[in-house]
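Working notes, beginning with the structure itself.
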Amino acid sequence: MVTRALDVVLLGPPGAGKGTQAKRLAAALSLLHISTGDLLREEVAKNSPLGQEAASFMQRGELVPDDLVAKMLLARLYTQQGLAGCVFDGYPRTQAQAELLDQLLAELGRRVDVAVYLEVPDGEVVARLGGRRSCPNCGAVYHVQTKPPAREGLCDVCGSGLVVREDDREEVIRQRLSVYRSHTEPLLELYEKRGVLRRVDGLGAVDAIFARLKEAVKGSVAR
Ligand code: AMP
């Protein structure tokens with residue numbers, strides 16, 4: 001039996017739950033989860049030259065220049081050749097990135113099979129991100145109201161002190177939303193025209209959203 005790779009792009013505003021859902025989807029379908037936000041945060045934590053360049057853009061809620069992100073993406077994609085496919089989380093975020101992704105996948109004989117748009121209104125985004133607490137050590141994510149850790153301020157997984165991500169401050173959240181509207185939202189049309197866009201309601205319980213997401217991905221692959 002010949003099985004084709006499956007490549008899924010997750011789109012949606014910051015705080016739509018892309019990270020949480022992308023990890024689950026990747027695990028469920030044995031795909032590689034590639035989050036450019038996570039990769040960039042790793043570079044910043046390592047204080048690598050790339051991390052140093054990226055940090056100020058991230059703190060302001062702006063996009064990191066395409067060429068920097070592309071370098072990182074390439075490294076990750078090409079060390080994972082022969083894989084069943086990827087869930088791209090937070091990439092592409094611009095038209096140029098979408099074109100590059102097409103090109104990179106084409107070189108591997110692959111393509112974007114499904115682009116899922118996780119739909120969440122702005123007010124909800126601000127509430128979600130404003131209450132978000134992250135573990136700087138292991139990357140686990142909590143929320144003061146909807147997913148508090150067992151011991152206040154401490155990570156359930158590794159016990160480290162939780163922090164508010166620099167870019168989860170309210171003024172930065174607004175900036176990230178505005179960048180999203182102007183640069184990333186237009187990509188919906190691009191994938192819609194190709195007939196690979198699926199809209200998934202991003203409101204509700206994490207499990208319910210995941211069930212809808214899996215349905216949308218499986219449904220479009222089966223066609
Ligand atoms: P995220 O965790 O996906 O919200 O990403 C956090 C920050 O990393 C964003 O606000 C951007 O500054 C930067 N970033 C992540 N992915 C990209 C990308 N594909 N292109 C440019 N900047 C990115």
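The numbers here are math on the coordinates, done by the rules we state, and not lab data. For clarity, every value in this text was computed on a predicted model and none was experimentally measured. Heads up, the Cβs are rebuilt from the backbone with ideal geometry, glycines too, and the neighbour counts pull from every protein chain shown.
Helix 36-46 axis versus longest C-alpha principal axis of the chain: approximately 50°, rounded to the nearest ten.
Where Lys and Arg each count +1 and Asp and Glu each count -1, what net charge lies around residue 163 among other residues with Cβ under 13 Å from its Cβ? Provide the component values of the computation, followed by the final result.
Numbers: positive: 41, 132, 133, 165, 169; negative: 166, 167, 168.
Taking every Cβ under 13 Å from that of residue 163, the sum is +2.
Between 114, 161, 101, whose Cα lies farthest towards the positive end of the dipole of region 98-194 when Lys and Arg beta carbons carry +1 and Asp and Glu beta carbons carry -1, centred on the Cα centre? The residue sitting farthest along the positive end of the dipole is 161.
Around the amide H of residue 33, modelled in the peptide plane, lie the amide H atoms of 87, all under 5 Å away and 5 or more residues distant in sequence or on another chain. Residues of region 186-200 falling in the label zone of residue 5, defined by backbone nitrogen less than 20 Å from a point 7 Å along Cα to beta-carbon, are 191, 196-197. Compute the signed sum of charges (Lys and Arg +1, Asp and Glu -1) over the other residues within less than 13 Å, Cβ to Cβ, of residue 89. Every neighbour counted, the sum reads +4.
Using just its DSSP H runs of length 4 or more, each adding -39500 (n - 2.57), the chain gives a mean residue ellipticity at 222 nm of -14500 deg cm²/dmol after division by all residues. Net charge dipole, the chain: roughly 560 debye, given to the nearest 20, about the Cα centre with Cβ charges of +1 for Lys and Arg and -1 for Asp and Glu. Seen from residue 211, the other residues with C-beta closer than 12 Å to its C-beta sum to a net charge of +1, counting Lys and Arg as +1 and Asp and Glu as -1.
Once the Cα atoms are used to define both axes, helix 170-179 deviates from the longest principal axis of the chain by about 20 degrees. Here is the list for region 102-161: trypsin sites (Lys or Arg not before Pro) lying in DSSP coil, each with at most 16 other C-beta atoms within 10 angstrom of its C-beta, are 111, 151. Within the listed set 70, 28, 115, the Gaussian network model of the chain (springs between alpha-carbon atoms below 10 Å) gives the highest mean-square fluctuation for 28.
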